[in-house]
Amino acid sequence: MESYNGIYQGVKPKVENKSNNFLVQGSILAIASIIVRIIGVVYRIPLTYLIGDEGMGYYGYAFNIYNIALILSSYSLPLAVSKLVASRDAKKQYKNSYLVFLCALGFAIITGTAFALILYFGADFFAVIISKQPAVAIPLRVLAPTILVFAIMGVLRGFFQGKKTMLPTSISQIIEQVVNAVVSIVAAYFLVKNHSASDKMAAYGAAGGTLGTLIGAIASLIFLAFIFALYKPVVDKQMRKDRNSLPETVPVILKVFGFTVLPVILSQTVYNISSLIDGSVFSYVLSGKGLGDTGRSALWGIYTNKYNILVNVPISIASAMAVAIVPSIVTSREEGAHLIVKEKIHDSIKFNMIIAIPSAFGIGVLASPILKLIFGDASLLPARMLALGSVAIVFYALSTLTNAVLQGINKMHLPVIHSVIALVIHIVVLYILLKFLNLGAYALVVSNVIFALIVCILNWISVARLLNYKQEIKKTFLIPAGCSVFMAGVAYLVYWLLYTTIKSNALSTLFAICVAMIVYAVLLLVFKDVTETELVKMPMGRTLARIAVKLHLL
């Protein structure tokens, strides 16, 4: 790898302190995201047992509709608030920074309330039009108030992220998911029990799951409000020291906020509407082929609550890094440190590829054992779907990060355009695969991979052109891929040998994963893919570097 350190000869960049190191902050959020994803996977085991694949299908359809309303109302708020707060804090305009927060809070309350009411009273309409399954209205109506809660919560998270601390967001996410898991299982149990004689029992069970989402969001909001109350004296002190001669007004802030939020809303809408369209196309085409509601919902439940859930665990690392890199890039650009911007992009991409590539290979080769371990599902369909679509992990990791880079350099419109192009191609491919090739659930997986790949390619071209940026290939992609192939072979061999000996899928899978992680880490160091300088930048990097040196791996 051509190190960026050489670029700085004769230049002494401003050194960020440890608390503002975006790799560390991004990793804190990534760890929290992984914990959240793991809890999400674990609690879906009893939830799936309680309400079945049919109920999980209703659950998935409800969330697809809810996600669109969430995106249109408030999903963009954390990114927009963090970007605008970081920009003003970099110029020590703390009064303007706080005004951004207040304006965003007002926007969140208005839009959150409006969309919550629309979703609540329009649940029956949306369920029929979008999913063609009226029972989806039951869990959807329970979800509706969550939009308002999430909108306010998003502003608070964005405020702290703009201050370049991911800890409040990380802890709040874990609290949200823990409460969500407990309430979802308990509520689903009682609702299924109370409606056991109803033909909509599965839908009521799904409503129990969505009730957990609402209560979890409320718990998270309470925590964030408490932290903000503790932090408010610091904000007040900063504002007292602010001698900025260019105070912004509410109309100006709202205008800037609107221009920031709108492209993010459009980008996220297109990015996430693909799942909603997938569900509609899948339902309409297969219903035309004679597959009933129960069968379609079960297949959709496998795709959304088994394939998607597992694939999204490693992707959450890229999402966390994207959250951290936006305010970091904004700050560096405000300071005129354009070379540091390139270094941050390089570090974040390499860091994510070192994780995403082996994750894709590992999940692909151990698809069946992992599904047996988590869901107790030994059937071929979900295992083949997971093995086929595991490559999406790499493409989504790259597209998520490059989206954040483009947003961080104020090219907010490009992710929208790229996502629209990918969406159109995605829909055409999905329809052809369903209608003419009869691929069924496999069509969802293939079109999902194609969508991520196209966005990834278009984003990559734009980043290279706008920043004159060229990513090093060998140590970012090729060596991790080579190490991952060997690691995957070792993982499968270890699993097969152990399983044939002790006949325990759980122990064999967990041991194979542990061995695979160790083998991969050693291979990266043996092939000099990670330097000591790069390792030190990572969480606990100095400790890891000392251990590697003692083992003569560095």
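The values are calculated or read from the model by the stated rules, or taken from the named source; none is laboratory data. All figures in this text were calculated on a predicted structure; none of them were measured in a lab. Ideal geometry is used to build each Cβ from the backbone, glycine not excepted, and the neighbour counts take in all protein chains shown.
Starting from residues that are of a type in the set (A, V, I, L, M) and closer than 16 Å to Val405 by Cβ, keep the ones in the range 453-489 and report whichever is surrounded by the most Cβ atoms within 10 Å (Cβ to Cβ).
We begin by selecting, within the range 453-489, every residue of a type in the set (A, V, I, L, M); these are 453-455, 457-458, 461, 463-464, 466-467, 473, 478-479, 481, 485, 487-488.
Among the residues that remain, those that are also closer than 16 Å to Val405 by Cβ are: 455, 457-458, 461, 463-464, 466-467.
Working: Val455: 29, Ile457: 16, Leu458: 19, Ile461: 13, Val463: 24, Ala464: 13, Leu466: 14, Leu467: 16.
Residue satisfying both the conditions and the ranking: Val455.
Return the residue satisfying two criteria in turn: it lies in the range 234-286 and is not in a helix (DSSP H, G or I) and not polar (S, T, N, Q), and of such residues it is surrounded by the most Cβ atoms within 10 Å (Cβ to Cβ).
Step one: list which residues in the range 234-286 are not in a helix (DSSP H, G or I), which gives 242-249.
Cutting the leftovers down to not polar (S, T, N, Q) gives us 242-243, 246-248.
Working: Asp242: 16, Arg243: 7, Leu246: 7, Pro247: 11, Glu248: 19.
Checked the range 234-286; the qualifying residue surrounded by the most Cβ atoms within 10 Å (Cβ to Cβ) is Glu248.
What are the residues in the range 503-545 that are modelled with pLDDT under 75 and among the basic types (Lys, Arg), if any?
Within the range 503-545, Lys537, Arg542 meet the criteria.
For the range 365-375, check the following and say yes or no: at least one residue is in a helix (DSSP H, G or I), closer than 21 Å to Asn459 by Cβ and out of contact with any strand residue (DSSP E or B) (no Cβ under 7 Å at 6 or more places or on another chain).
Taking the range 365-375 as the starting set, the residues that turn out to be in a helix (DSSP H, G or I) are 365, 367-375.
Narrowing the set further to residues that are closer than 21 Å to Asn459 by Cβ leaves none.
The answer is no; no qualifying residue exists.
Which residue, of Tyr520, Tyr499, is more than 25 Å from the chain's Cα centre (by Cα), among the aromatic types (Phe, Trp, Tyr) and assigned to a helix (DSSP H, G or I)? Give the steps one after another, and end with the answer.
On the way: Tyr520 fails: more than 25 Å from the chain's Cα centre (by Cα).
Testing whether each residue is more than 25 Å from the chain's Cα centre (by Cα), among the aromatic types (Phe, Trp, Tyr) and assigned to a helix (DSSP H, G or I) leaves just Tyr499.
What number of residues within the range 377-387 are part of a helix (DSSP H, G or I) and touching a residue at least 60 places away in the same chain (Cβ under 8 Å)?
Start the filter on the range 377-387 by keeping residues that are part of a helix (DSSP H, G or I), which leaves 380-387.
So of that shortlist, the ones also touching a residue at least 60 places away in the same chain (Cβ under 8 Å) come out as 381-382, 385-386.
The qualifying residues number 4.
Would you check if there is a residue in the range 57-71 being of a type outside the set (Gly, Ala, Ser), surrounded by fewer than 24 Cβ atoms within 10 Å (Cβ to Cβ), touching a residue at least 24 places away in the same chain (Cβ under 8 Å) and not in a helix (DSSP H, G or I)?
Within the range 57-71, none of the residues are of a type outside the set (Gly, Ala, Ser), surrounded by fewer than 24 Cβ atoms within 10 Å (Cβ to Cβ), touching a residue at least 24 places away in the same chain (Cβ under 8 Å) and not in a helix (DSSP H, G or I).
Taking the condition crowded, with 21+ Cβ neighbours inside 10 Å, of a type in the set (A, V, I, L, M) and assigned to a helix (DSSP H, G or I), does Ala404 pass? Lay out the reasoning, then the answer.
Numbers: crowded, with 21+ Cβ neighbours inside 10 Å: yes; of a type in the set (A, V, I, L, M): yes; assigned to a helix (DSSP H, G or I): yes.
Yes.
Give the range 189-200 a look and list any residue that's without any contact (Cβ under 8 Å) to a residue 40 or more places away in the chain and buried (at least 16 other Cβ atoms within 10 Å of the Cβ), or say none. Break it down into steps so the answer makes sense when it comes.
Pass one, the range 189-200, residues without any contact (Cβ under 8 Å) to a residue 40 or more places away in the chain: 190-191, 193-199.
If the condition is that a residue be without any contact (Cβ under 8 Å) to a residue 40 or more places away in the chain and buried (at least 16 other Cβ atoms within 10 Å of the Cβ), then Leu191, His195 are the ones that fit.
Any residue in the range 363-376 that is free of Cβ contacts under 8 Å to residues at least 24 places away in the same chain sitting within a Cβ distance under 7 Å of a residue that is among the hydrophobic types (A, V, I, L, M, F, W, C) and outside any loop (DSSP other than H, G, I, E, B)? List the pairs, counting only those 6 or more apart or interchain.
Hits for this filter: Ala367/Ala383; Ala367/Leu386; Ala367/Ala387; Ser368/Ala383.
Output the residue which, of all residues in the range 378-398 that are buried (at least 19 other Cβ atoms within 10 Å of the Cβ) and over 21 Å from the mean Cα position of the chain (by Cα), is nearest to Ala506 (Cα to Cα).
The selected residue is Ala383.
Would you check which residues across the range 219-233 are surrounded by 11 or more Cβ atoms within 10 Å (Cβ to Cβ) and more than 18 Å from Ile171 (Cα to Cα) and list them? Reasoning before the result, please.
Step one: of the range 219-233, the residues surrounded by 11 or more Cβ atoms within 10 Å (Cβ to Cβ) are 219-228, 231-232.
Of everything in the range 219-233, just one residue is surrounded by 11 or more Cβ atoms within 10 Å (Cβ to Cβ) and more than 18 Å from Ile171 (Cα to Cα), namely Lys232.
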